[in-house]
Amino acid sequence: MGNSLQDQLLKAGLVDREKAKKIRQDQRKQGKQQRHSKAPSVDENRARAQQELAAKAERDRELNRRRKEQAEHNALMAQVRQLVESNRQPRGGDDLAYNFADGKKIKRMFVSAAVHQRIASGKLAIVRVGQQYELVTADIAEKVRSRHEESLVFFNDPKQAAPEEDPYADYPVPDDLMW
């Protein structure tokens, strides 16, 4: 229709041939520019925006996963803290030093002779809550182990420690030797 309108305008003498030719060339140039420049740039922008949205969604999912793990860890630590604080056992006195390993460090806790014997026999366990060490009974130690094993520092579990034949059973242990 555009050509027929131009033809009609030419016949009517309202537009000359040069002007009509120039208008057609301008229209063709505009069409080429739109096809080559705008369509790909819109697609590129859309693709880039979709990639950014996908990357942001992935970052958000990872952040939410970390927050959830941290919340679960905090809840377990609160349970351990509550178990230990409500069930801690008295140390009995400062008669004997009981040495135990916490990771690569040797720690010392002063306890009475009776408590020392209960720790050695597996009736009491040593648990770390924050920077402090507390004594708890064997059943509480099992509950702490099920929630957060790293909090359980020392536990002579009588179930696991099946006595093997001791090659030194015939030799007496000196009375002043304490560990």
Open item on the list: Please compute the alpha carbon radius of gyration of the chain, then divide it by the globular-protein estimate 2.2 N^0.38 Å. Two decimals is fine.
Closed with: 2.61
TODO: Could you list, in their original order, any pairs among K29/K56; K11/K32; K68/K107; K107/K143 whose Cα atoms are separated by more than 32 Å?
DONE: K29/K56; K68/K107
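Suppose the chain between E52 and L177 were pulled fully straight at 0.36 nm per residue; how much longer would it get relative to their current alpha carbon spacing?
38.2 nm
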Task: Distance histogram for region 16-87 (every C-alpha pair counted, 5 angstrom bins, percent rounded to whole numbers) - done: 3, 13, 8, 9, 7, 7, 7, 6, 6, 5, 5, 4, 4, 4, 3, 3, 2, 2, 1, 1, 0
Task: Unit charges at the beta carbon, dipole of region 89-154: most positive-side option, I106, S146, I119 - done: I106
- [ ] Determine ³J(HN,Hα), in whole Hz, for all residues of region 77-86 in sequence, where each value follows from phi through the Karplus function 6.51 cos²θ - 1.76 cosθ + 1.60 and θ = phi - 60°; x replaces Gly and Pro.
- [x] 5, 5, 5, 4, 4, 5, 4, 5, 5, 7
Open item on the list: Given N residues in region 89-154, what is its alpha carbon radius of gyration divided by 2.2 N^0.38 Å?
Closed with: 1.04
TODO: Report, in debye and to the nearest 20, how large the dipole of region 89-154 comes out about its Cα centre when Lys and Arg carry +1 and Asp and Glu carry -1 on their Cβ.
DONE: 120 debye
- [ ] Add +1 for every Lys or Arg and -1 for every Asp or Glu among the other residues with Cβ under 15 Å from the Cβ of K105, and state the total.
- [x] +2
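Every read-out reported here was derived from the displayed coordinates using simple, explicitly stated rules and does not represent laboratory data. Being a predicted model, the structure only gives us computed values, none of them experimental. Cβ coordinates were reconstructed from backbone atoms using ideal geometry, including for glycine residues, and neighbour counts include every protein chain displayed.
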